[in-house]
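Taken together, the values in this text are just the output of simple stated rules run on the coordinates, not laboratory data. Since the structure is predicted, the reported quantities are computational estimates derived from the model, not experimental observations. Counting neighbours? That spans all protein chains shown, and the Cβs are built from the backbone with ideal geometry, glycine included.
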């Protein structure tokens, strides 16, 4: 290397910036007055790159220190609770899924009058036992994660909390334990637990397609609501309050039921003109169903499916990353 800049750079610079063959021969960054304008500019850029490299190394070191400061038992607990690529983690998660299914089934059976009369006490006892286990599991998740508040505000964190609250609320509000069916949402973990990463990728692609279609679907729904208002008003004018069309809101209800091809049959037009309008609305209903489907299908075709990793971040519990990711895409913690 021909430049005098070399003397003030260490191995960090060589790693972060690379060789400085472009420096003029004989330049010295320590004595800017002896340097040409081009050499001075090159040395300045090199010093800035060196500073950025050192800051990045310091940031990486702090992240590693944050992870290394975690006690060994916390790391082991996180591996079991949040990961599923170890025998212990897989056994824990499968056992958790079984407990969730049993809990939901117990709530469903308790809602049947005959079963509740005969087995109500054992079912409620089972419900409290499972709620206690889920409460302990929720607390362990908060303890083992680096950022418990962030996990508590996440989708799964909120679901975990809602899964245990109804049982405790039932002490104050009778019947609120029926809300325990919310626990069924926790079964969504099966996609991560069984390492079905391709399903996670498909779900991400579907979510992106729906998000891209949101504005078009909103405009479409606004058009449909306006059309139903017009059709309901017309039917009210045609039928004149007969055959159940006693008001415009009642007629709009009929328009919604007819246009969505549900057709309860509790209200039906009696006049010829009303039947013609009803026939047009029914035919429109079939076409209307296809429109949002086509919008989402187009976005799905344009979406790019990408492979993802389900490894969980030890700090914020984010579990969807690129396959080659070494750091969390949300908080930057080392995976």
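Which of 218, 80 comes first, and how do the rest follow, when ranked by fewest Cβ neighbours within 10 Å?
Sorted ascending by nearby Cβ count, the order is 218, 80.
Give the whole-number value, in cubic angstrom per residue, of the convex hull volume spanned by the C-alpha atoms of region 74-195.
So the per-residue hull volume is 101 Å³.
Would you mind ranking 73, 128, 254 by Cβ crowding within 10 Å, fewest neighbours first?
73, 128, 254
Calculate the FRET efficiency for residue 301 and residue 86 from the Cβ-Cβ distance with a Förster distance of 35 Å, rounded to the nearest 0.05.
Result of the calculation: an efficiency of 0.35.
State, to one decimal in nm, how far the label point of residue 115 lies from the label point of residue 256, with both points 7 Å from Cα in the Cβ direction.
Here the modelled spin labels are 3.2 nm apart.
Fully extended, how many nm does the chain gain between residue 220 and residue 173 (0.36 nm per residue separation, minus their Cα-Cα distance)?
Computed gain between residue 220 and residue 173 is 12.8 nm.
Starting from 0.36 nm per residue, how many nanometres of slack lie between residue 291 and residue 229 once their C-alpha separation is accounted for?
20.4 nm
How far apart, in nanometres, would the label points at residue 334 and residue 268 be if each is projected 7 angstrom from Cα along the Cα-to-Cβ direction?
Computed distance between label sites residue 334 and residue 268 equals 7.4 nm.
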